[in-house]
Every structure is written in structure tokens, then in C-alpha cells.
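Presented below is the structure to which this report refers.
The values are calculated or read from the model by the stated rules, or taken from the named source; none is laboratory data. Keep in mind that what you see is a predicted model, and the values were worked out from it rather than measured. So basically every Cβ, Gly included, is an ideal-geometry build from the backbone, and we count neighbours across all protein chains shown.
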Amino acid sequence: MATLTAVADLDVWTASDDLVSMIIRATKYKTELSHQYPHEFALLTRVYAHDEQVPEKLRTEAFSILNTWAQQAQSMIINQVVDKLSLRPELDKKLVKRFLSITIQEISRQIQSYFEQHPEIKRMEDMTEIVNQVKTYMDILEHGIVK
């Protein structure tokens, strides 16, 4: 985790102009990082999926570190991305950020569940199905559900 946090460039997320491009850019970037740091990503993927081959103590500690970092990064990313969006004038920016945070937390739970149901997934390239779902969720979030 220390290696990845040292090299991760969160500008990939915050430089996006909308939520869908943020997800696309982030996915491509994570894939590139997974090739540069295959062992770190393999461990994090296994930890995130609660793989029982990872010793429980290590799994618990690594999951805690991962979640703490993810929450801090998510907060920073949400603040910067929402500040760039052209929001409807009647919306409270704090509520929009909170709504986006809640949505991302739920999506994260669904991703975790997906990993638990698909323990064979070890690489970013194998995550196309869940990545496409997340992109659709972000598109719905940004553009709504009504024609």
C-alpha cells in the first residue's frame, strides 16, 4: 500500500471534467499501475476480495489501510471534481458531495461483493463487467434516469 500511495497520481481523477470520464481515466490508469506493480495489485485484489489464502491478520490490517486511504482519496477527489461540475443552481454543493460519496460507497460495496462472487479475478483486465457497471452508474448519476 505504501508503494502504491507513493506513486499514485490522484490528478488522473481530479483532472476529469465529468464523472464518466473520471471513471474511464481512472480505470485505464489503474490498469497501467497494475502492470507496473503486479504483486501489489494482486495482494490488494485478494485482500479486497477477502481471499482466505491471505492470512487473516494481514488481510484485516491491509483492508483497514486500504479503506482508510480510499476514504481520504475519495473525499479529496469528490471535492475537486464536484467543484468543477456545472451544478443546478438550486442544489447545495455539500449535499451533492455527500450524495456522490454515498453512491461511491455503495458502488464500492457492490464491487467487493462482485470480487467475493468471482474469486478467479486477479487482474484489472478481468474486471470489464464490473467496470462497465460502474461507468453506467456514474452516467446515471450525472445525467439522471428521466429522458
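At-a-glance table
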item	result
Filter result (among the basic types (Lys, Arg) and farther than 22 Å from residue 101 by Cα) within the stretch 1-47	46
Matching residues, the stretch 5-20, being surrounded by 16 or more Cβ atoms within 10 Å (Cβ to Cβ) and part of a helix (DSSP H, G or I)	12, 13, 14, 19, 20
So residue 47, is it buried (at least 17 other Cβ atoms within 10 Å of the Cβ) and either acidic (Asp, Glu) or at pLDDT 80 or above (or both)	no
Residue ID - farthest from residue 10 (Cα to Cα), chosen from residues in the stretch 76-86 that are without any contact (Cβ under 8 Å) to a residue 40 or more places away in the chain and surrounded by 13 or more Cβ atoms within 10 Å (Cβ to Cβ)	82
Single match in 52, 56, 61 (criterion: more than 28 Å from residue 140 (Cα to Cα), surrounded by 13 or more Cβ atoms within 10 Å (Cβ to Cβ) and out of contact with any Gly (no Cβ under 6 Å at 6 or more places or on another chain))	61
Some residue of the stretch 69-92 being modelled with pLDDT of 80 or more, more than 14 Å from the chain's Cα centre (by Cα), over 21 Å from residue 24 (Cα atoms) and among the β-branched types (Val, Ile, Thr)	no
Residue selected from the stretch 91-133 under the condition charged (D, E, K, R) and in contact (Cβ under 8 Å) with a residue 60 or more places away in the chain, by the criterion nearest to residue 19 (Cα to Cα)	125
Single match in 40, 56 (criterion: more than 20 Å from residue 79 (Cα to Cα) and out of contact with any helix residue (DSSP H, G or I) (no Cβ under 9 Å at 6 or more places or on another chain))	56
